[in-house]
Amino acid sequence: MTDKDTENPSLDGAYALETPEDSRRLYANWAETYDQTFAQAHDYLLPLLVAQAYKDEGGTGLVLDVGAGTGLCGQELIALNIGPVDATDISQEMLNVAATKSIYRTLFAGDLTARLAVEDDTYAGVVSSGTFTNGHVGPEAFDELLRITQPGGLLALSINTVHYDAKGFKAKLQDLDGQITDLHLPEVRIYGESATDGHKDDTVYIALFRKA
Ligand SMILES: C[S@@+](CC[C@H](N)C(=O)[O-])C[C@H]1O[C@@H](n2cnc3c(N)ncnc32)[C@H](O)[C@@H]1O
């Protein structure tokens, strides 16, 4: 993608990301206005739906919110009385905005396509809203998320339905057979009734599963 795409952040720009460096640049420019120009403008429901699915499945703290951004999913977890919650994201600028909301116990920059600075078996659960989508993070990150989750811990990860098969998420979850249990994949809408743009009907699967 071009510099122009990352300097003028938009939903279309986010779907056009290709590399972790693209993400760093786009979200650095978007952090200060993301809650208004993306979440509010598009009636973005997904963080609430991921948090609710995590709770309904029996999820507890300590939770890591991966690709936490400005903290929208962590905010919903806390509202549902689930915590403590930690946050990680590739964008320090997004985390800086999240930090102003006093939601998270700890926030740390990290690239989900590499190794996170976290000990094995640390978290009772992992959540992610909006990060497993085109050009953001692919299924290879699941190994790292399982490494840092306690045995029996719960993962609730939204995966864009368009990319679920095409980008290898389905195959990866099949490969993890034996390392994960209780997999199911409810499909939900990302945006609410007042969304109007071309992505308004987009959906995700919320991949819910436990580390064996
Ligand atoms: C659409 S935003 C979602 C943010 C938040 N979870 C929400 O629902 O509002 C995607 C987030 O993924 C982060 N991200 C993209 N690539 C990443 C990577 N390789 N490692 C960690 N975070 C990444 C971006 O910086 C951005 O904050």
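Quick grid of which residues meet (1) at pLDDT 95 or above; (2) over 26 Å from L72 (Cβ atoms):
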site	(1), (2)
Y164	yes, no
K170	yes, yes
Q179	yes, yes
P186	yes, no
I190	yes, no
S194	no, no
G198	no, no
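If you go through segment 12-31 and keep only what is open to solvent by 50 Å² or more (accessible area, probe 1.4 Å) and either part of a helix (DSSP H, G or I) or at pLDDT 85 or above (or both), you end up with D12, E21, R24, R25, N29. Looking only at residues of segment 36-48 that are more than 8 Å from the ligand (Cβ to nearest atom) and touching a residue at least 40 places away in the same chain (Cβ under 8 Å), we find that the one that is nearest to the chain's Cα centre (by Cα) is L45.
Restricting attention to segment 157-174, the residues being loosely packed, with under 14 Cβ neighbours inside 10 Å and farther than 27 Å from D43 by Cα number 2. The set of residues in segment 119-137 being within 13 Å of the ligand (Cβ to nearest atom), among the small types (G, A, S) and open to solvent by 10 Å² or more (accessible area, probe 1.4 Å) consists of S129, G130, G135. In segment 49-67, is there at least one residue being assigned to a helix (DSSP H, G or I), open to solvent by 20 Å² or more (accessible area, probe 1.4 Å) and within 13 Å of the ligand (Cβ to nearest atom)? So far as segment 49-67 goes, yes, one or more of its residues are assigned to a helix (DSSP H, G or I), open to solvent by 20 Å² or more (accessible area, probe 1.4 Å) and within 13 Å of the ligand (Cβ to nearest atom). Residues in segment 103-130 that are within 15 Å of E76 (Cβ to Cβ) and of a type in the set (S, T, N, Q): S128, S129. The selection criterion, being in contact with a Leu (Cβ under 9 Å, 6 or more places away or on another chain) and assigned to a loop (DSSP other than H, G, I, E, B), does not hold for I82. Being crowded, with 17+ Cβ neighbours inside 10 Å, closer than 22 Å to G69 by Cβ, within 14 Å of the ligand (Cβ to nearest atom) and of a type in the set (D, E, K, R) is a property that does not hold for E140. Go through segment 134-154 and give me each residue that's assigned to a loop (DSSP other than H, G, I, E, B) and in contact with a Ser or Thr (Cβ under 8 Å, 6 or more places away or on another chain). Hits for segment 134-154 are G135, H136, V137, G138, E140. Cβ-Cβ contacts under 8 Å between residues 6 or more apart (or on different chains), taken from a first residue in segment 75-95 that is within 19 Å of A124 (Cα to Cα) to a second residue that is assigned to a strand (DSSP E or B) and more than 14 Å from the ligand (Cβ to nearest atom), are listed as D86/Y123. Number of residues in segment 71-83 that are near the ligand (Cβ under 6 Å from one of its atoms) and open to solvent by less than 10 Å² (accessible area, probe 1.4 Å): the value is 1. Scanning segment 84-118 for residues that are more than 10 Å from the ligand (Cβ to nearest atom) and of a type in the set (D, E) yields a single hit, D86.
The values are calculated or read from the model by the stated rules, or taken from the named source; none is laboratory data. Here the structure is a predicted model, which means the values were calculated and not measured. Positions of Cβ are backbone-derived with ideal geometry, glycine not excepted, and every protein chain shown enters the neighbour counts. Ligands, DNA and RNA are stripped out before the accessible areas are found, and what is left, the full protein with its side chains, is counted by its heavy atoms. Shrake-Rupley method; radii C 1.70, N 1.55, O 1.52, S 1.80 Å.
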